[in-house]
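Presented below is the structure to which this report refers.
The values are calculated or read from the model by the stated rules, or taken from the named source; none is laboratory data. No experiment lies behind these values; they were computed from the predicted model shown. Reconstructed Cβ throughout: ideal geometry from the backbone, glycine too, with neighbour counts over all protein chains shown.
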Amino acid sequence: MTPEAFMALAEQIDEVFFTLGGLILVIEIAEAWFKGSLKGKTFLEMLASASTQVPYLLLEVTMMTALYFGLYVFSETVVSWHLPSTLPWIVLAIVLADFTYYWEHRIAHQVRLLWTQHAVHHSSRDYNIITSIRFGPLESLWSFIAHIPMILIGFSPDVVLGSVILVQAYQTWLHTELIGKLGPLEWVLNTPSHHRVHHGCDNKYLDKNYGGISIIWDRMFGSFQVEEERPRYGLTTDFDSQNPVKVWFSEIPALWKDIRNAKSGRELRGRLFGPPGWKPDP
């Protein structure tokens, strides 16, 4: 299989997951309708989530396209070693992309500057399939940086990007309450049950279950939590706006205020690169 063929296959699989997500959305809306829980606020929240695709895709077709073009040039002109695109190497690339996603995701929860983007994904109090496309405008930039080591190892940019697409596409179906626990699959795969935990803001659920396709990384690195009672979704601090602009940039005003008020270089570094909620010692 050529790298280009693998990339095309990844895009086709992405379309399959997107279609599956559409079917789940129809069922979610129908269930809420029959239960009488379908409210105008629910639709506004869905629209707010969908609206995040506007700045996200705008930056994808401009800044990220330019960066990936540069990555292809870098791979061809600087990286003189290239791994084959045979099936075993492609499988390894997918595993490495999933492993990279785990750490990329975990770090995004622990570094405030990155959290300003990823918090957008977590800010909704609702949990449905539309949440899967609720992104901060610059989330792709951190993902791009995190996967550069795979290029340095020798994987083709098409293989790396295709693997990233697969890891992201898989997660579409995780954002639903329609699907319960899945028995033995829960030991190996990330499932809707595991990901509901990740979106919970209850103390026992905070910063748990970072995995993309596999939940094994969480079990290995001590961040696994089984779903017990139903999570309370959203952020630990109340955020209840459906204004698209406020959703897109919800964390920026507070960060900017802390940057302006920083009294030392140490405090500035802490505000930018410390965990969310970091404060200097009194």
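Are any of the residues in segment 219-236 touching a residue at least 24 places away in the same chain (Cβ under 8 Å), in a loop (DSSP other than H, G, I, E, B), more than 30 Å from residue 183 (Cα to Cα) and not β-branched (Val, Ile, Thr)?
no
Quick check on segment 14-35. Is at least one of its residues in contact with a Lys or Arg (Cβ under 7 Å, 6 or more places away or on another chain), among the small types (Gly, Ala, Ser), surrounded by 12 or more Cβ atoms within 10 Å (Cβ to Cβ) and in a helix (DSSP H, G or I)?
For segment 14-35, residues in contact with a Lys or Arg (Cβ under 7 Å, 6 or more places away or on another chain), among the small types (Gly, Ala, Ser), surrounded by 12 or more Cβ atoms within 10 Å (Cβ to Cβ) and in a helix (DSSP H, G or I): absent.
If residue 209 meets every condition in (1) of a type in the set (S, T, N, Q); (2) in contact with a helix residue (DSSP H, G or I) (Cβ under 6 Å, 6 or more places away or on another chain); (3) modelled with pLDDT under 95 apart from one, which number is that one?
Just one mismatch for residue 209, condition (3).
All but one of (1) loosely packed, with under 13 Cβ neighbours inside 10 Å; (2) under 24 Å from residue 22 (Cα atoms); (3) in contact (Cβ under 8 Å) with a residue 24 or more places away in the chain hold for residue 161; which doesn't?
(1)
Within segment 229-241, count every residue that is at pLDDT below 90 and buried (at least 17 other Cβ atoms within 10 Å of the Cβ). Even if it seems obvious, please write down each step before you answer.
The initial filter retains those residues of segment 229-241 that are at pLDDT below 90, namely 236-241.
Applying the additional criterion that residues be buried (at least 17 other Cβ atoms within 10 Å of the Cβ) yields 239.
So the count comes out to 1.
Starting from residues that are assigned to a helix (DSSP H, G or I) and in contact with a helix residue (DSSP H, G or I) (Cβ under 6 Å, 6 or more places away or on another chain), keep the ones in segment 36-49 and report whichever is surrounded by the most Cβ atoms within 10 Å (Cβ to Cβ).
Initial filter on segment 36-49 (assigned to a helix (DSSP H, G or I)): 40-49.
Now restrict to residues that are in contact with a helix residue (DSSP H, G or I) (Cβ under 6 Å, 6 or more places away or on another chain): 46, 48-49.
Working: 46: 21, 48: 23, 49: 26.
Only one residue tops the list, namely 49.
Take segment 108-122 and flag every residue that is farther than 21 Å from residue 268 by Cβ and of a type in the set (A, V, I, L, M, F, W, C).
120 - this is the single residue of segment 108-122 that is farther than 21 Å from residue 268 by Cβ and of a type in the set (A, V, I, L, M, F, W, C).
Looking at (1) in contact with a Lys or Arg (Cβ under 8 Å, 6 or more places away or on another chain); (2) within 19 Å of residue 109 (Cα to Cα), find the lone condition where residue 237 falls short.
Condition not satisfied by residue 237: (1).
Evaluate the following for residue 111: is it out of contact with any Cys (no Cβ under 9 Å at 6 or more places or on another chain), surrounded by 15 or more Cβ atoms within 10 Å (Cβ to Cβ) and of a type in the set (A, V, I, L, M)?
Yes.
Checking residue 164 against (1) outside any loop (DSSP other than H, G, I, E, B); (2) farther than 15 Å from residue 105 by Cβ: exactly one of these is not met. Which one?
Failing condition for residue 164: (2).
Determine the pairs where a residue that is free of Cβ contacts under 8 Å to residues at least 12 places away in the same chain and under 20 Å from residue 220 (Cα atoms), located within segment 167-194, has a partner that is surrounded by 21 or more Cβ atoms within 10 Å (Cβ to Cβ) and of a type in the set (Val, Ile, Thr) with Cβ atoms under 8 Å apart, the partner being 6 or more residues away or on another chain.
So the pair list comes out as 185/191.
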